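Below is one structure, written out as structure tokens, with a few remarks after it.
Here, each number is a calculation from the coordinates, and none is a lab measurement. As the structure is a prediction and not an experimental result, all values here were calculated from the model. Note that each Cβ is placed from the backbone with ideal geometry, even for glycine, and that neighbours are counted across all protein chains shown.
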Amino acid sequence: MTKTNITAGLDQHQKMRAQLFTKLFKAKQNINPVKKDGVNPHFKNSYPTLNSLIEAVEPALNEQGLYLSQPIADGEQATFITDIETGEFVSSFMKLPDLDNPQKVKSCSTYYRRTTLSGLLSMRDSDDDGNDASPKYTDNQLHALHHQENQKKIAGSNNNDLLNF
């Protein structure tokens, strides 16, 4: 292959990538507001469900000739947005945890589909599930946790048992 052919190939690839990003930019300008139609009774907050997110973004993507797919592959939840004219795509992946309960896998997959899609499109998110879902420890529990960790260091133990509070 000559240098001219390699350059021509790169130029064509760069043009297709630019076309994809132009379409993504146009689609993003036309994404409908996402409804917070889900309710988490434990934290007493609302959040956008996966269905409401897809309902908000898919029409704008389709209008630009972009196809959304979200398969699970090799233990990862994937999100692809593909230009149907060129085959160029952008993607986002999150590794699924090892779970033996199908309901928990589906719940995790749904959460990851929502997360990868909103992240791929840089969508605004006012609900930080990560902070809300983090365990809250009392001062006594934190003191006990630090004490146990210090005892492990002193004893030279590599035991990684979790504390149950």
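Listed values, structure above:
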read-out: Net length gained if the chain between H42 and E63 were fully extended (0.36 nm per residue, minus Cα distance); value: 3.8 nm
read-out: Footprinting exposure proxy for D98, D11 (fewest neighbouring C-beta atoms within 10 Å first); value: D98, D11
read-out: Footprinting exposure proxy for S92, S69 (fewest neighbouring C-beta atoms within 10 Å first); value: S69, S92
read-out: Sparsely packed trypsin sites (Lys or Arg not before Pro) within segment 22-127, loop by DSSP, other Cβ within 10 Å at most 11; value: K44, R124
read-out: For D37, distant residues with modelled amide H under 5 Å away; value: Y47, T49
read-out: From phi via Karplus (6.51, -1.76, 1.60), per-residue ³J(HN,Hα) for segment 76-88 in Hz, x at Gly/Pro; value: 10, 8, 10, 10, 10, 10, 10, 7, 6, 7, 10, x, 5
read-out: Label-point separation, I84 to S107 (7 Å along Cα→Cβ), nm; value: 3.6
read-out: Cα centre as origin, Lys/Arg/Asp/Glu Cβ charges: segment 3-134 dipole, Debye; value: 260
read-out: Neighbour-count ranking [beta-carbon atoms within 10 angstrom, fewest first] of F80, F21; value: F21, F80
read-out: Under-27-angstrom lysine pairs by C-alpha in segment 3-134, whenever the two are 8 or more apart or on separate chains; value: 22
read-out: Cα gyration tensor, segment 3-134 - rounded (a/c under 1.5), prolate or oblate; value: prolate
